[in-house]
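Student: Below is a structure I'd like to ask you about.
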Amino acid sequence: MPTTAPHALSDVTASDSTLRRFLHGLPGVDAVGLEARAASLGTRSIKTTAKAYAIDLAISMVDLTTLEGADTPGKVRALGAKAVHPDPTDRATPATAAVCVYPDMVATAKEAVAGSTVKVASVATAFPAGRAPLAVKLADVREAVAAGADEIDMVIDRGAFLAGNYRKVYDEITAVKEACGTSARLKVIFETGELSTYDNIRRASWLGMLAGADFIKTSTGKVAVNATPANTLLMLEAVRDFRAQTGVQVGVKPAGGIRTSKDAIKFLVLVNETVGEDWLDNHWFRFGASSLLNDLLMQRQKLATGRYSGPDYVTVD
Amino acid sequence: MSDARLSVFKTYKLYVGGKFPRSESGRVYEVTDSKGKWLANAPLSSRKDARDAVVAARKAFGAWSGATAYNRGQILYRVAEMLEGRRDQYVAEVADAEGLSKSKAAAQVDAAIDRWVWYAGWTDKIAQVVGGGNPVAGPFFNLSSPEPTGVVAVLAPQESSLLGLVSVVAPVIATGNTAVVVASEKAPLPALSLGEVLATSDLPGGVVNVLSGRTAEIAAPLAAHQDVNAIDLAGADEALAKELEIAAADNLKRVLRPQPVDNWSADPGTDRMTAFLETKTVWHPTGSLGASGSAY
């Protein structure tokens, strides 16, 4: 695996100073404009057949996640079964994109979703803090890949990023990308809630993409501020501009805090209006969520039957 | 300084989840007194308001049903206290809404306040009346206790705007249920004002949610809603009640059919409480069975 990106921007990553100059040369973010744009796109009314399509699409984009200290093999198996058949009473319901678990649960999850289209994603690199030596992080990744993980969700070293040590973050992502090999796709988590500014989120997005991320992901779901329409819109703009400059398409995954179908549909509107239909597919856009799926299923039942459903008719996770 | 003062009209709003939202639909309708004179604009709720109210009621159910009966009694009594303090306002509203003289309206309001006190007393007594220990042929303690049904949709009586309303809402929440109340269609103002009393009576938000609008329009989604456990059809006419009962059968809701009530002031008995209670029976072994049999 080459450690530098083979595209028009490869000279940017030549040295620490070129990387810094490039990231700090990115245009500043108009915070008010960004939030206003995200809010105005959130007012679109999506009804009837469009809504049914959006709900099915959103279900197919869910990375059904359980990242608790109390995860048991039984819970992971139950999650796997739910990912394959989200609504057992309606087999026409699409399967979710993936289940997302800790590395030691990958083998269990893999078994639970065997024979289906559902992928197994694993968080790694000392998730969620990312405060561990590089060797430990890489071992974490290799274990997960060896256990059969199709996707690796890594966290960046926010401490190094905030200290301006971009090269260290870049090297770490490339090392993890190499550890993923050719079989696993790499999602890079920025933990936008800890990056303080929109400018930092834009820089982190470009840094992640330059280092070879297959996906850029907002957050771990473990801090107060997770995915918001504004920071997701900013990252969508980054992947759009990155493809325009290099021809390389990168996926986006907002994670944490998306709980209702209405929220999910707002994010799909953002995708369609910012990067277009190329990203309206679970290969390029995902939702990191757990409770969202139940709300999507209840809305789906409402559309099918005309009556409001309730939490008694979906699984308790 | 002139004596002329601009009128301050009251904006009547819904009471959902402890807050006072306008209808999601943005609609209102004109409420008139018995002679057709305009009184106020009330929110014309949509099915989405009904949905939001059910979500709020479901959220409130755990804490309310889990509160001690004693605590529920205190809170219901507090509602009566708050109502007493705003007695004049309710007398005026009921007189306008039902076309009653001031003294007759005052009698209605007094009866409504007394009704809250009456049900407040019942919260920690109903279990002894409808539950208890059952003698069984075996070495078991066998105990039955009444449990609240869950979220109850209540269609308030159309004619009696305050006393009738209190008479159907208080028994539902006294036993630990939470309620989504559809106010009388033509006289919703006392019900909407009751929300203001409930909000200041320590009653947790979401235990009672008050919607105003077309009864038939709001009741249909409530009757079909899978997360509503019971429905009181007091305010539905015969044709609507039949239709709603059919919709309610889908998830086996408990249905209380409309019952003719000539005089809401009469002693209500416990029927309206027991209608929304379920009996839980527990078998508990009395102890180990030795070779010589039970110790009991």
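Student: Just give me the residues in the range B:117-132 being of a type in the set (S, T, N, Q) and more than 17 Å from B:Leu143 (Cα to Cα), in sequence order.
Tutor: First, the residues of the range B:117-132 that are of a type in the set (S, T, N, Q): B:123, B:128.
Passing the criteria: only B:Thr123.
Student: Any idea which of B:Asn251, B:Asn229, B:Asn263 is within 14 Å of chain A (Cβ to nearest Cβ) and either without any contact (Cβ under 8 Å) to a residue 40 or more places away in the chain or on the phi > 0 side of the Ramachandran plot (or both)? Can you show your working first?
Tutor: Working: B:Asn229 fails: either without any contact (Cβ under 8 Å) to a residue 40 or more places away in the chain or on the phi > 0 side of the Ramachandran plot (or both); B:Asn263 fails: within 14 Å of chain A (Cβ to nearest Cβ).
So the residue among B:Asn251, B:Asn229, B:Asn263 that is within 14 Å of chain A (Cβ to nearest Cβ) and either without any contact (Cβ under 8 Å) to a residue 40 or more places away in the chain or on the phi > 0 side of the Ramachandran plot (or both) is B:Asn251.
Student: May I pose another question? Within the range B:32-54, is even one residue surrounded by fewer than 16 Cβ atoms within 10 Å (Cβ to Cβ) and either of a type in the set (Ser, Thr, Tyr) or closer than 19 Å to B:Ser201 by Cα (or both)?
Tutor: Yes, because at least one residue in the range B:32-54 is surrounded by fewer than 16 Cβ atoms within 10 Å (Cβ to Cβ) and either of a type in the set (Ser, Thr, Tyr) or closer than 19 Å to B:Ser201 by Cα (or both).
Student: A follow-up question, please. Within the range A:1-113, considering only helices (runs of 4 or more DSSP H) that don't extend past its boundaries, which have at least 1 residues that are more than 28 Å from A:Phe267 (Cα to Cα) and in contact with a Lys or Arg (Cβ under 8 Å, 6 or more places away or on another chain)? Give the derivation first.
Tutor: Values: elements: A:16-24, A:31-41, A:48-60, A:73-84, A:106-112.
Filter on the range A:1-113 gives A:16-24, A:106-112.
Student: Going through the range A:38-62 one residue at a time, which ones are of a type in the set (D, E, K, R) and either at pLDDT below 95 or within 29 Å of A:Tyr166 (Cα to Cα) (or both)?
Tutor: The first filter runs over the range A:38-62 and keeps only residues of a type in the set (D, E, K, R), leaving A:44, A:47, A:51, A:56.
Answer for the range A:38-62, where residues must be of a type in the set (D, E, K, R) and either at pLDDT below 95 or within 29 Å of A:Tyr166 (Cα to Cα) (or both): A:Arg44, A:Lys47.
Student: Quick one: which residue in A:Asp171, A:Asp199, A:Asp150 is under 22 Å from A:Asn282 (Cα atoms) and either modelled with pLDDT of 95 or more or aliphatic (A, V, I, L, M) (or both)? If you could, list the steps in order and put the result at the bottom.
Tutor: Numbers: A:Asp171 fails: under 22 Å from A:Asn282 (Cα atoms); A:Asp199 fails: under 22 Å from A:Asn282 (Cα atoms).
When all the criteria are applied, what remains is A:Asp150.
Student: Mind listing whichever residues of the range B:64-96 are among the hydrophobic types (A, V, I, L, M, F, W, C) and in contact with a helix residue (DSSP H, G or I) (Cβ under 6 Å, 6 or more places away or on another chain)?
Tutor: B:Leu76, B:Val79, B:Ala80, B:Met82, B:Leu83, B:Val91, B:Val94, B:Ala95
Student: Hey, B:Asp237 hits all of (1) buried (at least 23 other Cβ atoms within 10 Å of the Cβ); (2) more than 12 Å from chain A (Cβ to nearest Cβ) but one; which does it fall short on?
Tutor: Condition not satisfied by B:Asp237: (1).
Student: Here's another thing I want to ask about it. What single numbered condition from (1) modelled with pLDDT of 95 or more; (2) within 14 Å of another protein chain (Cβ to nearest Cβ) fails to hold for A:Ser309?
Tutor: (1)
Student: Give the residue that is nearest to the other protein chains (Cβ to nearest Cβ), with candidates limited to residues of the range B:33-52 that are free of Cβ contacts under 8 Å to residues at least 24 places away in the same chain and at negative phi. Explain how you work it out, then say what you get.
Tutor: Residues of the range B:33-52 that are free of Cβ contacts under 8 Å to residues at least 24 places away in the same chain, as a first pass: B:36-38.
Right, trim to at negative phi and you get B:37-38.
Details: B:Lys37: 38, B:Trp38: 33 Å.
Only one residue tops the list, namely B:Trp38.
Student: In the range B:69-186, which helices (runs of 4 or more DSSP H) lie fully inside it and hold 1 or more residues that are buried (at least 24 other Cβ atoms within 10 Å of the Cβ)?
Tutor: Details: elements: B:69-85, B:87-98, B:102-122, B:126-130, B:163-174.
Of the helices (runs of 4 or more DSSP H) lying wholly inside the range B:69-186, those with at least 1 residues that are buried (at least 24 other Cβ atoms within 10 Å of the Cβ) span B:69-85, B:87-98, B:102-122, B:163-174.
Student: Looking for something of a type outside the set (Asp, Glu), surrounded by fewer than 23 Cβ atoms within 10 Å (Cβ to Cβ) and within 14 Å of chain B (Cβ to nearest Cβ) - is there at least one such residue anywhere in the range A:277-293?
Tutor: Checked the range A:277-293: at least one residue is of a type outside the set (Asp, Glu), surrounded by fewer than 23 Cβ atoms within 10 Å (Cβ to Cβ) and within 14 Å of chain B (Cβ to nearest Cβ).
The values are calculated or read from the model by the stated rules, or taken from the named source; none is laboratory data. Computed from a prediction, not measured in an experiment: that's the story for all the values here. Counting neighbours? That spans all protein chains shown, and the Cβs are built from the backbone with ideal geometry, glycine included.
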